[in-house]
Amino acid sequence: MTATTQARPPAPSPVLAFLKQPLVVALALIVALLLLGEALSPGFASAQQILRLLIVAALLGIVAAGQNLVILGGREGIDLSVGGVISLSAIIAGNVMNGADSGILPAIVACIIAGGLIGLFNGLGVTLLRIPPLVMTLGMLGVLQGLLVVVRNGIPSGLAAPGLSQFVTRPFLLGLPGIIWLWVAIGLLMAFMLTRTVYGHRIYAIGSNEQAAYMAGVPVKAVRISLFMLSGVFAAIAGICLLGYSGSSFANVGEQYMLPSIIAVVFGGTPLAGGKGGYTGTMAGALLLVILQGILTTVHIDESGRQMVFGATLLLLMLFYGRGRAMRG
Amino acid sequence: MSKIELRGVSKAYGATLALRRGDLSIDAGEVHVLIGSNGSGKSTLCKILAGSVRPDGGEILIDGKPVTITGPRSARDHGIGIFYQELSLAGHRTVSENICLSDMPVTRAGFVDRDALEARAARYVALFASVAGDGFSADTTVENLRADQRQLVEIMKALATEAPVIIFDEPTSALDRAQVDRFFEILRDLKAEGRSIIFISHRMDEIFAIGDRVTVIRDGETVGTERIADTNPAAVIRLMVGTQDELAPTNGAPHATAVARTFVLTLQNLSGKGFANVSFEVAKGEILGFGGLHGQGQSSVLRAIFGVNPVASGEIVLGGKTYAASNPREAIRRGLAYVSGDRGRDGVISGRPILENVTPIHYLRQKLRLARPAALADRVRPALEALHTKFGGLGHPINSLSGGNQQKIVIARWLIDRPDVLLLDDPTKGIDLSAKTDLFALIRKLAAEGMGIVLYSSEDAELLNNADRILVFNGGSVRRELTGADRTRYNLYQAAYEAA
Ligand SMILES: Nc1ncnc2c1ncn2[C@@H]1O[C@H](COP(=O)(O)OP(=O)(O)OP(=O)(O)O)[C@@H](O)[C@H]1O
Ligand SMILES: [Mg+2]
């Protein structure tokens, strides 16, 4: 009970601490993986190829932004429904615009509303009905998958408007397509929101100690619901972009983004328990995963093999962070 | 010769001297009562005897022979059984299994002998059959039982040891009248068999109903043993108080007459879970103290006012307007602040910077959307300095600070936008002396500036030294109000230990 009155010095070695930062680790790995890819298959790290990787990373990164927020909010926050939202959004967008630029804006509005609504349901289920997020969003994913089957039988898959395709694939500024800039903008916005707004501080507060946040007047439920809504909206935006990337929507395009979106977040330094971390790391995590995926494709590992590698990566990460926590604690 | 004797037994937890000097002798066939205020070391003494805590020094003699109790098993071998205050039940197991937990009957093959187990447990369950209440049977899972029923199971478990010495550390705190009566009948039977009982309770009537002798323990020291027949509650309380009463009260500042006072908070017959019919008013500039033993409703009342716990009936008037507490957010907007003593649970936003730990109330009350670090730092620094908080930088995580400084951060959170009424729920739990001194200096300053303050403290000295008036809680309601020269430790204890 004799509490020392001095603040303990933070970390012993700043260099070591810097090198151990998840962000630094991720960036080093990105370079290493690019070099490995180039070694395995010359041309892997060509400008063309890197641009393609960046576009896919942006798609994943946008989904992961929402995933990141939900996870930051704690209480086992996770959004497994993002895959379903992406697919649904791609279909809605494809049908609303149906190849015409004039349809882009209405499509965006429709998709964002749909994504937001799905997120709202997730949030309500988690907060008011106290369903664990894993169960709630998995259930929602099931519902969306069923819905997609029904919808697909009734209406065509739809076509991307040329403007949208250009936005995703054609260079727009400094040789980079619009979607990269959108991702950068989202990155800046997220960083600002998380560090410089009251809302951002509240997200960390409920993620770190929900009871204390509640006692300090944070509207815990409203914040948590809003996080799921944002996740739905981000997934919807990713769905639209994905449509632009592939030209037309096809079955369950979104599914393959679910697991990577979680891995990107965890790899970026946001623990699944929430309350700490941020989006910058997640962006690096998304890049890394996409490169890894590229390498796996280069060495002819198919989709199921890739999923296995991703699952194993997630487990490894959990082990890594888990041990780190035990050593610090 | 005594059945059991303790000589100068001591135990420290880190820097806390839980037991300084425990001297105790228990005869065969007696119920020996231990009494002392919260934290005086009763449980520590019991745990030493039961082998779950190793003493730092002293001697234990059983039947006149010195023994070393190395663990729970060894305590059993020496003939000591115990009822643990915090219970020692396995929630997922049945009542029967729990009763036999410490000594499972096994078949020759080494499996649990279910039949023998059921038969043995049934004997103890039968003892309380008439008073155990609904939903209680030998095969109920313990986690489905009420608090009183769990306590009965722990009693049965202690009885099932059939030990010559059985320790009961607050076995009656959740029991009703009939259950206590039945328990006492059983204790008398044990006594008649020549067994020794150590019995702890904070209820004076129980102590005088069942005890043969009473030993008073104060600040970790056994200060006297009396025959129950030769003493009375007042004398016991005087022993508990010791000479410390002359030190208090020190805060004799007489407050203005009722006419001149403006009330910032009034409660009328407020009832809810854990408290009933609580009425009081707090004037501007007044420090109203809540006293009494732990868990007599003090925290529950404060949490109800703050909107955390529901209110069943009664009225709260805040700043002249009736107020229905629905959640902390609403309470904060209405000018209330609540500092919890459980900072880990209710206060510290761990892993986050100090700045973010101070600002939540400020955001809410100022309806802020943006968090500008520079502007916030200008508000936060003076608040932390007023409490003499030691910290490296506002960006450092709160976990990098010592417990006392963490609590100061949490307190600063509530004071940065000045509330009208400050509710303090045992705010100094586990913080060091200098932090306490700083805190109370600030509290008095705030009161002098017109804030209304309600202070619940589990440390009697804090209450006696700082509160203008003290409401003594006992069994969920206000038993007595102590004002002026009545604010003595003796009066505090008397009201706290009085039978409900
Ligand atoms: N495991 C522990 N670690 C640190 N301190 C402890 C521990 N157990 C008890 N203490 C401290 O030792 C002191 C004596 O505690 P003890 O539990 O013996 O009191 P008690 O007389 O049984 O009180 P109560 O009437 O509240 O049950 C208290 O200050 C308490 O905070
Ligand atoms: Mg105790």
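The values are calculated or read from the model by the stated rules, or taken from the named source; none is laboratory data. Please read these numbers as outputs of a predicted model, since none were measured by experiment. Note that we place each Cβ from the backbone using ideal geometry, even for glycine, and neighbour counts take in every protein chain shown. Keep in mind that these areas ignore ligands, DNA and RNA; they rest on the heavy atoms of the full protein, side chains included. Shrake-Rupley method; radii C 1.70, N 1.55, O 1.52, S 1.80 Å.
Give B:111, B:128 a once-over and let me know the one that is away from ligand 1 (no atom under 16 Å from the Cβ), open to solvent by less than 40 Å² (accessible area, probe 1.4 Å) and farther than 24 Å from residue B:242 by Cβ. That would be B:128, the only listed residue that is away from ligand 1 (no atom under 16 Å from the Cβ), open to solvent by less than 40 Å² (accessible area, probe 1.4 Å) and farther than 24 Å from residue B:242 by Cβ.
The set of residues from the range A:169-218 being in a strand (DSSP E or B) and open to solvent by 60 Å² or more (accessible area, probe 1.4 Å) comprises A:171, A:172, A:173.
Residue count for the range B:201-237, restricted to those that are within 16 Å of ligand 1 (Cβ to nearest atom), assigned to a strand (DSSP E or B) and of a type in the set (D, E, K, R): 2.
Beta carbons closer than 9 Å, at least 6 apart along the sequence or on distinct chains, pair a first residue in the range B:166-179 that is over 13 Å from residue B:86 (Cα atoms) and in the same structural domain as residue B:75 (by TED's automatic domain parsing) with a second that is open to solvent by 10 Å² or more (accessible area, probe 1.4 Å) and in a strand (DSSP E or B) for B:166/B:82; B:167/B:82. Within the range B:10-22, the presence of a residue that is over 14 Å from residue B:219 (Cα atoms), open to solvent by 50 Å² or more (accessible area, probe 1.4 Å), more than 14 Å from chain A (Cβ to nearest Cβ) and away from ligand 2 (no atom under 16 Å from the Cβ) is excluded.
One residue stands out among those in the range B:364-396 that are within 10 Å of chain A (Cβ to nearest Cβ) and modelled with pLDDT under 90: the one that is farthest from residue B:440 (Cα to Cα), which is B:392. Name every residue in the range B:33-60 that is away from ligand 2 (no atom under 16 Å from the Cβ) and within 24 Å of residue B:102 (Cα to Cα), in order of residue number. The answer is B:51, B:54, B:55, B:60. Screening residue B:492 on (1) at pLDDT below 90; (2) open to solvent by less than 10 Å² (accessible area, probe 1.4 Å); (3) over 23 Å from residue B:359 (Cα atoms) shows it passes everything except condition (1). Please enumerate the residues belonging to the range A:63-105 that are open to solvent by less than 10 Å² (accessible area, probe 1.4 Å), of a type in the set (A, V, I, L, M, F, W, C) and closer than 20 Å to residue A:148 by Cβ. Residues satisfying the conditions are A:63, A:82, A:85, A:86, A:90, A:91, A:93, A:97.
Give, as residue ranges, the strands (runs of 3 or more DSSP E) completely inside the range B:29-120 that count at least 1 residues that are among the polar types (S, T, N, Q) and modelled with pLDDT under 95.
none
Pull up the range B:37-57, narrow it to residues that are under 14 Å from the mean Cα position of the chain (by Cα) and at positive phi, then point me to the one that is least open to solvent (accessible area, probe 1.4 Å).
Keep residues of the range B:37-57 that are under 14 Å from the mean Cα position of the chain (by Cα), which gives B:37-43.
Those still in the list that are at positive phi too: B:39, B:41.
Working: B:39: 78, B:41: 7 Å².
The qualifying residue least open to solvent (accessible area, probe 1.4 Å) is B:41.
Mind checking whether some residue in the range B:313-321 is open to solvent by less than 40 Å² (accessible area, probe 1.4 Å), outside any strand (DSSP E or B) and either facing another protein chain (nearest Cβ under 9 Å) or closer than 30 Å to residue B:480 by Cα (or both)? So far as the range B:313-321 goes, no, none of its residues is open to solvent by less than 40 Å² (accessible area, probe 1.4 Å), outside any strand (DSSP E or B) and either facing another protein chain (nearest Cβ under 9 Å) or closer than 30 Å to residue B:480 by Cα (or both).
How do the helices (runs of 4 or more DSSP H) wholly within the range B:346-445 filter down when requiring 2 or more residues that are crowded, with 16+ Cβ neighbours inside 10 Å and small (Gly, Ala, Ser): which remain?
Details: elements: B:354-358, B:360-365, B:373-386, B:403-415.
Ranges flagged: B:373-386, B:403-415.
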